[in-house]
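In what follows, a structure is listed as structure tokens, so that the remarks can point back to it.
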Amino acid sequence: MTSAADPLITDPPAGLAPAATTPAVTFDSGGVPLLGVLHVPAGPGPHPVVVLAHGFPGNERNFDVAQSLRRAGYAALVFHYRGSWGVGGTYSWTNVLADTAAAVAFVRDPAAAAQHRLDRDRVALVGHSFGGFAALMTAAADPSIAAVASAAAFDSGASAAACRHSPETRAAYVEAFDDELLPLRGTSGEALVTEMEAAGDDWSLTALAERLSTRPVLLIGTGLDPVTPAPMHYEPVLAAYQAHPVERLEHHLFPTDHALSDHRVALTRAILAFLGTHFAQPTA
């Protein structure tokens, strides 16, 4: 049974046992230990789990969303990809996808689930920017993921097509990626654009409609966003999912920037409402 308290502004009742915890966790992806922070709600559980995938390079990690999810009764995992923010290995788009799948595998691991009171059968993905791309791609590849949400998702397929058609656009992507490399290792703007071009339409978010058609999907666009402008990264994806259709599709276009800087409450409320409607209800 869920609480009527507003998880955005209200702490859980005192005296719940076991108490809420915030353990640092590590798990393997491609032979590299990844670092994460798991937000575990109070109470015996098992708690449904939301894996939060941050973007490139990960300046915004959505810990505010994770804390609200925990207050609503969801365990929330925030993690770093290979080659980012001090984690070993090499950063690449392919590794981001593999690492997101590894994060899902971690919360489903019987030992981790038992230790942290997680419900292995109720896992959702929420991602922002390139993490939104990774969330949608990972859910499309794993039919057991119960629900998926993306905010300001980066459609790699659309960007690759733009690079193929315009050398000036390609050069702008290389420069933009180069400007964000400080917390990353083993890559370059040129390498990231080349990888994106090589994947091409295989990494198109519009092509995922059939594989996501039976599951709840939340798309959030950002209308004042030069990084993932809505006419290129949101509107075509929404149109494709509506046309298929994705039967349990929800969508919002917020008039805000790429980080949803002045829409953090609206973002969190949209995610909570979506999960509350479509995802298995948390246990008390």
Item to check | Enumeration of residues in segment 259-277 that are over 14 Å from the mean Cα position of the chain (by Cα) and assigned to a loop (DSSP other than H, G, I, E, B) | outcome: 260, 261, 262, 263
Checklist entry - Between residues in segment 247-268 that are within 23 Å of residue 146 (Cα to Cα) and residues that are part of a helix (DSSP H, G or I) and modelled with pLDDT under 95, which pairs lie under 6 Å by C-beta distance while being six or more apart or on different chains? => result 248/278
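Criterion first (touching a strand residue (DSSP E or B) at 6+ places or on another chain (Cβ under 8 Å) and either outside any loop (DSSP other than H, G, I, E, B) or within 16 Å of residue 151 (Cβ to Cβ) (or both)) does residue 237 satisfy it?
Numbers: touching a strand residue (DSSP E or B) at 6+ places or on another chain (Cβ under 8 Å): yes; either outside any loop (DSSP other than H, G, I, E, B) or within 16 Å of residue 151 (Cβ to Cβ) (or both): yes.
So residue 237 passes the test.
Just for segment 23-57: of the residues that are part of a loop (DSSP other than H, G, I, E, B) and exposed (fewer than 13 other Cβ atoms within 10 Å of the Cβ), which one is modelled with the lowest pLDDT? Please lay out each step first, then the result.
So the first thing to find is which residues in segment 23-57 are part of a loop (DSSP other than H, G, I, E, B), and the list is 23, 30-31, 41-46, 54-57.
Narrowing further to those that are exposed (fewer than 13 other Cβ atoms within 10 Å of the Cβ): 23, 31, 44.
On the way: 23: 98, 31: 98, 44: 95.
Ranking the qualifying residues of segment 23-57, first place goes to 44.
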Checklist entry - Is it the case that some residue within segment 233-241 is touching a Gly at 6+ places or on another chain (Cβ under 7 Å) and among the small types (Gly, Ala, Ser)? => result no
Checklist entry - Does segment 82-112 hold any residues that are crowded, with 20+ Cβ neighbours inside 10 Å, touching a Pro at 6+ places or on another chain (Cβ under 9 Å) and within 18 Å of residue 128 (Cα to Cα), and which are they? => result 84, 91
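Residue-by-condition table, conditions (1) buried (at least 19 other Cβ atoms within 10 Å of the Cβ); (2) in contact (Cβ under 8 Å) with a residue 24 or more places away in the chain; (3) of a type outside the set (S, T, N, Q); (4) farther than 19 Å from residue 103 by Cβ:
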residue: 131; (1), (2), (3), (4): yes, yes, yes, no
residue: 151; (1), (2), (3), (4): yes, yes, yes, no
residue: 157; (1), (2), (3), (4): yes, yes, yes, yes
residue: 168; (1), (2), (3), (4): no, no, yes, yes
residue: 175; (1), (2), (3), (4): no, no, yes, yes
residue: 195; (1), (2), (3), (4): no, yes, yes, yes
residue: 201; (1), (2), (3), (4): no, yes, yes, yes
residue: 209; (1), (2), (3), (4): yes, yes, yes, yes
residue: 223; (1), (2), (3), (4): no, yes, yes, yes
Next on the checklist: Whether any residue in segment 232-245 is surrounded by 15 or more Cβ atoms within 10 Å (Cβ to Cβ) and under 23 Å from residue 83 (Cα atoms) is what I want to check.
Outcome noted: no
Checklist outcome for this item: Condition set farther than 23 Å from residue 143 by Cβ and free of Cβ contacts under 8 Å to residues at least 24 places away in the same chain, scope segment 225-238, selection farthest from the chain's Cα centre (by Cα): answer is 231
Checklist entry - How many residues are under 15 Å from residue 91 (Cβ atoms) and basic (Lys, Arg) if we restrict to segment 143-188? => result 1
Next on the checklist: Of all residues being more than 17 Å from residue 19 (Cβ to Cβ) and without any contact (Cβ under 8 Å) to a residue 60 or more places away in the chain in segment 67-81, which is surrounded by the most Cβ atoms within 10 Å (Cβ to Cβ)? Just the residue, please.
Outcome noted: 81
Checklist entry - residue 171 passes all but one of (1) over 22 Å from residue 52 (Cα atoms); (2) part of a loop (DSSP other than H, G, I, E, B); which number fails? => result (2)
Checklist entry - Can you tell me which residue in segment 179-193 is nearest to the chain's Cα centre (by Cα), limited to those that are assigned to a helix (DSSP H, G or I) and crowded, with 19+ Cβ neighbours inside 10 Å? => result 192
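The values are calculated or read from the model by the stated rules, or taken from the named source; none is laboratory data. Computed from a predicted model, the values in this text were never measured in an experiment. Don't worry about glycine lacking a Cβ; one is built from the backbone with ideal geometry, like all the others, and counts go over all protein chains shown.
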